[in-house]
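Participant: Before we start, here is the structure in question, set down as structure tokens.
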Amino acid sequence: MSSVRSGADPVVTYVLIALNVIAFVAELASGSAVAERGGGRVVADGALFGPAISANHEYWRLITGGFLHAGIIHILFNMYFLYVLGQQLEEAAGRVRFGVLYFTSLLTGSFGALLLAPDSVTVGASGAVFGLMGGAVVALRARGINPMESGLGMVILLNLGITFIIPGISIGGHLGGLAGGLIAGYLLFEVGERGRSRWLALGGCAALAALAVAGSIAVAGGQGLSL
């Protein structure tokens, strides 16, 4: 990975955290931050929800759902991982590629959530955060570092275990975000770094994001898959 940004402030990371916090404050001000209890207008108008996307063409939910949270523990957990992973990845990859990785993962996470549970109200930055984990795995391997030896592999396995054990967690969102992060990470840190065009890598991420959006629209309001 490139080291030209060493020492630079992780501005994109800070902006993303600020946006999530602002959205959470807006949730509280509008009624409730707990999506399962109906939330307020912010949750009602911005959460990921298949029927609203298919019937009302509210496509913004594919992104805004990733900035809303179902409670203080939920947002603290996600923002902690965003802060830790963001500092490392943004410094190594640069602001543009880090932002591309984040939003690509967010969209693939939304697709995964809709694919498995299109009729459920889903909120949280977890899909994007899992995508950062996936991107970090590829970035470490590109530098010759075993992700398991770094501790990241165990963190991913632990969080995947929590995903399947604790009820109410979006399995599709987490798996979709992780898969998107792995693919986007390969494009950004392998294709884009090993003598190939960085524009090709960015174009590939854009294509992946577009496929995720198209897939989300296709399955929104449908039956999805059951586990």
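Only the coordinates and a few stated rules stand behind these numbers; no lab work does. Here the structure is a predicted model, which is why all the values come from computation and not from measurement. A quick note on method: Cβ atoms are made from the backbone with ideal geometry, for glycine too, and the neighbour counts reach across all protein chains shown.
Participant: Give me 105, 110, 197 ranked fewest to most by other Cβ atoms within 10 Å of their Cβ, as a rough exposure proxy.
Facilitator: 197, 110, 105
Participant: So between residue 158 and residue 171, what do we pick up on full extension, going 0.36 nm a residue minus the alpha carbon distance?
Facilitator: 3.3 nm
Participant: Enumerate the calculated ³J(HN,Hα) couplings along region 25-30 in order (Karplus 6.51 cos²θ - 1.76 cosθ + 1.60, θ = phi - 60°), each rounded to whole Hz, writing x wherever the residue is Gly or Pro.
Facilitator: 4, 5, 4, 4, 5, 8
Participant: In deg cm²/dmol and to the nearest 500, what is the mean residue ellipticity at 222 nm of the chain if only DSSP H runs of at least 4 residues count, each as -39500 (n - 2.57), divided by the residue total?
Facilitator: When only DSSP H runs of four or more count, the value is -22000 deg cm²/dmol.
Participant: Let me ask you something else. Quick one: 164, 189, fewest Cβ neighbours within 10 Å first, how do they rank?
Facilitator: If I rank by nearby Cβ atoms, fewest first, I get 164, 189.
Participant: Turning to a different aspect of this structure: Between residue 68 and residues 5 or more places away or on another chain, which pairs have amide H atoms under 5 Å apart, with H built 1.01 Å from N, and which residues are they?
Facilitator: 124
Participant: Which residues' amide hydrogens lie under 5 Å from the amide hydrogen of residue 48, considering only partners 5 or more residues apart or on another chain, with H built in the peptide plane?
Facilitator: 65, 122
Participant: Follow-up. Sorted by packing (mean other beta-carbon atoms within 10 Å per residue), highest first, where do 148-160, 52-64 land?
Facilitator: With the highest mean Cβ count within 10 Å placed first, the list reads 52-64, 148-160.
Participant: Shifting gears a bit: Give the shape of region 96-171 as rounded, prolate or oblate, defined through the alpha-carbon gyration tensor: a ≥ b ≥ c are the square roots of its eigenvalues, a/c under 1.5 means rounded, and otherwise the shape is prolate if a/b is larger than b/c and oblate if not.
Facilitator: Judged from the Cα gyration tensor, region 96-171 comes out oblate (a/c at least 1.5, b/c at or above a/b).
Participant: Distance in nm between label sites at residue 28 and residue 9, each 7 Å beyond Cα in the beta-carbon direction?
Facilitator: That separation, rounded to one decimal, is 2.4 nm.
Participant: With no solvent and one equal point scatterer per Cα, compute the Debye intensity ratio I(q)/I(0) for region 17-116 at 0.10, 0.13, 0.14, 0.24 Å⁻¹ and report its log10, rounded to two decimals.
Facilitator: The Cα Debye sum returns log10 ratios of -0.29, -0.49, -0.57, -1.31.
Participant: Need one word for the chain: rounded, prolate or oblate. Basis is the Cα gyration tensor (sqrt eigenvalues a ≥ b ≥ c); a/c below 1.5 gives rounded, then a/b vs b/c decides.
Facilitator: It is prolate, given that a/c is not under 1.5 and a/b is the larger ratio.
Participant: Given a Förster distance of 30 Å, report the FRET efficiency between residue 145 and residue 96 from their Cβ-Cβ distance, rounded to the nearest 0.05.
Facilitator: Once rounded, the FRET efficiency stands at 0.80.
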